[in-house]
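Heads up, the thing below is written out as structure tokens.
The values are calculated or read from the model by the stated rules, or taken from the named source; none is laboratory data. No experiment lies behind these values; they were computed from the predicted model shown. For neighbour counting, all protein chains shown are included, and Cβ atoms are generated from backbone atoms with ideal geometry for every residue, glycine included. For accessibility, only protein heavy atoms count, side chains too; no ligands or nucleic acids. Shrake-Rupley method; radii C 1.70, N 1.55, O 1.52, S 1.80 Å.
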Amino acid sequence: MAGKIISGTEVAEVIHTEIKKEVADLKSRGITPGLAVVLVGEDSASKVYVAMKEKTANSLSITSKQLSFPEDTDPKELEGVIAGLNSDPEIHGILIQLPLPRHIDERVVLSCIDPHKDVDGFHPMNVGSLSLGRTDAVAPCTPVGVIELLMRNGIDPEGKHVVIVGRSNIVGRPLATLLTGRRRGGNATVTIAHSRSKDLPSITKRADILISAVGRANLIDGTMVKPGAIVIDVGVNRVPDDLAPNGYRLVGDVAFEEVSELAGAITPVPGGVGPMTIAMLMKNTVQLANRSLEYKGQDY
């Protein structure tokens, strides 16, 4: 029997309703949450993501500011733009759309963001706070979105063996930090696997909760999943499809049709983790807006 489909779209809608109430409360106190998204280059996927973020922000009455720059933008110019956003009182959250062009060092750029406005939790200060277990740390949107998706579907990772395939600083590493922390959605036993892991199927088949965040289409098949396991697919990959209007379709890291027959529950692509990432971006923006008065004029 096929496993339960975990809809990120449905959970995100619930979170949007909660955010609308928080925004209304902030506005009653004279604060309108503001989000700035910086896009450099012509990456088509990034453009789609940025447009989706702006649409969601507008629907939630969050001020959205999009700044787009050409592929050959000088890194110093970008740093200057970020400095301007840092000092803009109407902007509470700053997001740099990744990936950046190769000539721009994303570590330098992310470090330029005021930690109080780092809406995706990538500034070294926020990474450190999260690693130290501070419950007020801003967590990266996709990892915290995965946690919310699990918890709001009655799947508590506590005491379970979670295998994460992928070790990126954007998803794999911060997700492992959240899952092992002493907090809601934490207290799990976590294994991180990656491209250098030997005999990957023997690792993934031990998972109570299997999370793939690699970006390789259909990497996880039925031979790699324990019957009844919860499978969370973070990957978004384009594969050619002559029948699709754009000539391609989106698939995840997981061979959905095959694995869904084994899994106890599984997320689809699209409609799974993606909507949760955007929902948590909005939630983090509101969180930072709430803190803006508290931190005003203070050092981190």
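Ellipticity at 222 nm from helices only: DSSP H runs of n ≥ 4 in the chain, each -39500 (n - 2.57), divided by the residue count, give -12000 deg cm²/dmol. A straight Cα-to-Cα reach below 19 Å connects Lys47 with the lysines Lys55, Lys65, residues fewer than 8 places away in its own chain not being considered. Considering only Cα atoms, the convex hull volume of the chain works out to 136 Å³ per residue. The aspartates and glutamates within cross-link reach of Lys21, meaning a Cα-to-Cα straight distance under 15 Å and a gap of 8 or more places when in the same chain, are Glu13. When the Kirkwood hydrodynamic radius is evaluated over all pairs of different C-alpha atoms of the range 119-200, what value in angstrom, to one decimal, is obtained? By the Kirkwood definition, the hydrodynamic radius is 12.9 Å. Bridgeable lysines around Lys4 (alpha carbons under 27 Å apart, same-chain partners fewer than 8 residues away excluded): Lys160, Lys205, Lys226, Lys283.
Under the criterion of Cα pairs below 8 Å and six or more residues apart, the relative contact order for the range 144-300 equals 20 percent.
Compute the Rg to Rh ratio over the range 214-272 from the alpha carbon atoms, using the Kirkwood formula for Rh, and round to two decimal places. Intermediate results must be reported in sequence, preceding the final value.
On the way: Rg = 11.7 Å, Rh = 11.7 Å.
Rounded to two decimals, Rg/Rh equals 1.00.
When you count the other C-beta atoms within 10 angstrom of each residue and take the mean per peptide, 73-85, 142-154 line up highest first as 142-154, 73-85. Measure nothing fancy, just the Cα-based angle from helix 44-59's long axis to the longest principal axis of the chain, in degrees from 0 to 90, nearest 10. In the chain, helix 44-59 runs at an angle near 70 degrees to the longest axis. Projected onto their three principal axes, the Cα atoms of the range 1-83 cover extents of 51, 46, 15 Å, largest first. Within the listed set Val165, Val14, Val38, the Gaussian network model of the chain (springs between alpha-carbon atoms below 10 Å) gives the highest mean-square fluctuation for Val14. Over the range 50-172, Cα pairs under 8 Å with separation of 6+ residues give a relative contact order of 16 percent. Between the helical axis of 273-295 and the longest alpha-carbon principal axis of the chain there is an angle of about 30 degrees. Over the chain, accessible surface divided per residue gives 47 Å², non-protein components excluded, 1.4 Å probe. Between the range 159-202 and the range 212-242, what is the C-alpha centre distance in whole Å? One Cα centre to the other: 16 Å. Note on the chain: with neighbouring protein chains present and a 1.4 Å probe, carbon and sulfur make up 52 percent of its accessible heavy-atom surface.
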